[in-house]
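Asks: Below you'll find the structure I mean.
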Amino acid sequence: MVKNYKDEYYFLTEKLDEIEWALEGKCNDIDCNKYMYKDLLKKRYKPVLEHNFSCVKKLKIDKLAIMGILSQQRYKPFRYTKCHVCGINLDKLNKNNKIVGFTRKIIEKKNNYYEWKGFWVHCNCEKKVKIPVGWNKR
Ligand SMILES: [Zn+2]
Ligand SMILES: [Zn+2]
């Protein structure tokens, strides 16, 4: 059961990201003039609708609906965590919180690659994040 809730949570937050992306100007509505693949389709297809006029209202309604679903009790284990710095609860969907990421270079059999890890923190706590030994701030 828990597995399903987790999948649902990631599905819903992915949708939310898409909506926020669209609101910021990369619309996922094929009829919109801000449609992100407009350039690819331009020759055969002419997007006509204004982004603001056609989409933003719908996007905002969708966003509210998804936020409503995500506030259900069963998504709490995935949505909330503790701040890496102060240890106080943190809502991953709140824009005042963010992931601070670090990378380090791994050399393995002549192949280089980068390993990544991140900590959730309140934006106010960000300055106090200590860089782990051997890692670089991304
Ligand atoms: Zn649009
Ligand atoms: Zn904090």
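Asks: Compactness ratio of the stretch 83-137: Cα Rg over 2.2 N^0.38 Å, N = residue count?
Replies: 1.35
Asks: Taking the full set of protein chains and a 1.4 angstrom probe, give the accessible area of Glu115 in square angstrom, rounded to the nearest 10.
Replies: 70
Asks: Would you mind telling me which residue in Asp29, Asp62, Asp39 has the biggest mean-square fluctuation in a Gaussian network model of the chain, where springs connect alpha carbons within a distance under 10 angstrom?
Replies: Result for the chain, Cα springs under 10 Å: Asp39 fluctuates most.
Asks: Right, here's the next one. Through the Karplus equation 6.51 cos²θ - 1.76 cosθ + 1.60, θ set to phi - 60°, convert the phi angles of the stretch 95-104 into ³J(HN,Hα) values in whole Hz; use x for Gly and Pro.
Replies: Karplus-based 3J(HN,Hα) across the stretch 95-104 equals 5, 7, 10, 7, 9, 9, x, 10, 10, 9 Hz.
Asks: Next question, about the same structure. Which ³J(HN,Hα) values in Hz, rounded to whole numbers, follow from the phi angles of the stretch 18-34 under the Karplus curve 6.51 cos²θ - 1.76 cosθ + 1.60, where θ = phi - 60° and Gly and Pro get x?
Replies: Calculated HN-Hα couplings, in order: 4, 5, 5, 4, 5, 4, 7, x, 10, 6, 9, 9, 4, 7, 8, 6, 9 Hz.
Asks: For Tyr35, which sequence-distant residues (separation of 5 or more, or a different chain) have an amide H within less than 5 Å of its own amide H, given hydrogens modelled in the peptide plane?
Replies: Hits under the 5 Å cutoff: Cys27.
Asks: Multiplying the sequence separation of Tyr80 and Val133 by 0.36 nm and subtracting their Cα-Cα distance, what value in nm do you get?
Replies: 16.4 nm
Asks: How far apart, in nanometres, would the label points at Val48 and Lys3 be if each is projected 7 angstrom from Cα along the Cα-to-Cβ direction?
Replies: 4.8
Asks: I'd like to know how the chain sits against the 2.2 N^0.38 Å rule of thumb: what's its Cα Rg over that expected value?
Replies: 1.37
Asks: Continuing with this model, one more query. Please compute the net charge surrounding Lys26, taking Lys and Arg as +1 and Asp and Glu as -1 over other residues with Cβ under 14 Å from its Cβ.
Replies: -4
Asks: Going 7 Å from the Cα of Lys58 along its beta-carbon direction, which residues of the stretch 16-32 have the amide nitrogen within less than 14 Å of the resulting point?
Replies: Within reach of a label on Lys58: 19, 22-23, 27-32.
Asks: Can I ask one more? Would you mind checking the tilt of helix 57-70 against the longest principal axis of the Cα atoms of the chain, expressed as 0 to 90 degrees and rounded to 10?
Replies: With both axes taken from Cα atoms, the answer is about 40 degrees.
The values are calculated or read from the model by the stated rules, or taken from the named source; none is laboratory data. The structure presented is a predicted model; accordingly, all values stated were derived computationally and were not measured. Note: ideal-geometry Cβ built from the backbone for every residue, glycine included; neighbour counts use all protein chains shown. Ligands, DNA and RNA are excluded from the accessible area calculation, which covers all protein heavy atoms including side chains. Shrake-Rupley method; radii C 1.70, N 1.55, O 1.52, S 1.80 Å.
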